[in-house]
Amino acid sequence: MADSLFSTNKRDPIKSSVGSAAGSRRRQHAVTIGKERRESLVRAKRLCRVGVSEGEVDVEGEGDMMIDEEQSILESQTLLAVENLKSALAFQGKGAVQKRVGALQELRRLLSRSEFPPVESAVKAGAVAILVQCLSFGSPDEQLLEAAWCLTNIAAGNPEETKALLPALPLLIAHLGEKSSSPVAEQCAWALGNVAGEDEELRNVLLIQGALIPLARMMQPNRRSTVRTAAWALSNLIKGPNPKAANELIRVDGVLDSIVRHLTKADDEPATEVAWVVVYLSALSNLATSMLVKSDVLKLLLNRLATSNSLQLTIPVLRSLGNLIAGDSHASYAVLVPGLEVTDTAIQVLIKCLKSEHRVLKKEAAWVLSNIAAGSVEHKQLIYSSEAVSLLLHLLSAAPFDIRKEVAYILGNLCVAPTKGDEKPSLILEHLVSLVEKGCLPGFIDLVRSADIEAARLGLQFIELVLRGMPNGKGPKLVEQEDGIEAMERFQFHENEDLRTMANSLVDKYFGEDYGLDE
């Protein structure tokens with residue numbers, strides 16, 4: 001019940017519409033993230049080319065990528081390797097373990113050495129069933145590790161190849177337990193992360209089979225590679241759209257403490273994966289958002305933002321900040337307080353991101369600022385009085401469309417005071433007049449002309465503010481001078497009823513038969 005209410009009584013986590021409290025879209029946003037897979041910075045699935053045990057596994061020859069080798073030869077070698085593994089598994093004589101491990105290593109090398117591994121050939125040859133046998137309890141760690149490694153790379157294949165791992169999932173999950181060695185548990189977590197990265201159906205299978213809690217426990221120690229792999233697998237497992245897994249994860253004893261600890265002490269690589277866990281928790285779970293805000297996570301994210309030069313880390317940190325500020329009305333009041341050093345740091349770091357050459361950073365920073373701008377009058381003033389405004393005005397006219405839309409939300413929100421329910425927004429006249437005089441109106445009118453419904457609505461909302469609020473009745477003339485009437489008239493017969501009604505009402509009210517007669 002709480003989650004159904006959550007979608008209607010929270011501020012929009014992407015940004016609040018100008019002058020209105022839009023319904024929460026964190027969950028849909030999280031699904032979009034999953035499809036984009038972190039703006040192509042990190043793959044949802046990862047091929048394992050080197051061992052998780054950081055030097056404990058013999059990886060001699062793994063540098064030979066075999067890019068130029070004929071695929072048919074590689075496939076033939078794979079078929080032979082699977083047959084050799086079957087024979088080795090059936091062999092019970094002296095040196096049986098070494099024979100099995102050697103056969104596993106050969107298959108693993110074939111599945112690791114090409115940019116397009118011969119996964120299909122391995123699956124068709126029956127490799128998965130043999131590898132499941134190799135995962136049986138009581139087997140030597142080296143055998144378990146090699147078998148899990150092979151399964152990891154099979155799971156990195158196409159959807160049908162990933163689904164071929166279904167018989168292996170119970171044993172992979174079982175080997176996450178404390179009785180397994182760290183390298184074995186970590187390699188199994190990697191394989192499960194690849195499976196979880198495929199689709200919601202497989203995530204549900206993993207959740208039903210109990211993968212979440214052992215993965216959560218693996219994230220709690222301080223072993224760098226284990227934290228990184230477990231957190232990555234967890235972010236794939238909880239990423240939605242169903243919030244159940246996120247709610248379950250935040251309830252696991254020690255999870256919140258481990259998130260705080262890793263964001264405080266871990267280096268950039270594991271901290272990046274932990275930050276992605278925070279992204280999905282804050283995107284999907286009302287409970288998690290509340291718990292994260294009450295902890296030190298917001299301040300830790302701001303500190304990471306201020307001190308790290310890693311693009312891979314900055315993206316999930318920005319997205320987490322935006323989610324938390326939008327998802328909990330107390331977040332911005334508790335952390336972003338005008339006059340505090342941490343607040344000044346946050347605004348300056350966001351400005352730095354707006355200046356970045358990286359498009360993704362600009363977009364994410366604008367998104368966070370749009371959530372801050374949707375807050376109190378004090379927070380609007382905080383942005384308005386900073387260097388951000390001149391940057392935002394430039395971006396509104398010159399940036400790619402997706403960034404311009406985010407920027408428009410910020411500028412629009414700076415011009416209206418917070419409202420309750422469906423109340424008509426009261427203007428912050430100083431901000432509106434200043435921004436219009438500095439030339440922002442053409443940018444909003446351009447949004448009205450776009451094919452994007454959300455952007456067009458935003459443009460119309462800002463035009464309404466100008467028409468209603470500019471002193472001495474200047475609004476209509478300003479809109480007319482920028483061809484705003486023509487832009488609105490394109491909605492006269494538009495299929496979207498809301499936009500059609502909004503545009504026609506504005507034209508009728510401000511540009512009716514009597515418009516211009518007094519001149």
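The values are calculated or read from the model by the stated rules, or taken from the named source; none is laboratory data. Since the structure is predicted, the reported quantities are computational estimates derived from the model, not experimental observations. Here the Cβ positions follow ideal geometry from the backbone for every residue, glycine too, while neighbour counts run over all protein chains shown. Side chains included, ligands, DNA and RNA excluded: accessible areas come from the protein's heavy atoms. Shrake-Rupley method; radii C 1.70, N 1.55, O 1.52, S 1.80 Å.
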**Request:** May I ask you to rank Arg404, Arg203 by accessible area, largest first, using a 1.4 Å probe over the protein chains only?
**Result:** Arg404, Arg203
**Message:** How big is the dipole moment of the range 206-306 about its Cα centre under a simple scheme where the beta carbon of each Lys and Arg is +1, that of each Asp and Glu is -1, and everything else is neutral? Debye, nearest 20, please.
**Reply:** 60
**Request:** Counting only C-alpha contacts under 8 Å and six or more residues apart, can you give the relative contact order of the range 179-294 as a whole percent?
**Result:** 26
**Prompt:** Taking a threshold of 25 Å on the Cα-Cα distance, which of the pairs Lys45/Lys355; Lys45/Lys86; Lys438/Lys477; Lys380/Lys477; Lys239/Lys294 fall above it?
**Reply:** Lys45/Lys355; Lys45/Lys86; Lys380/Lys477
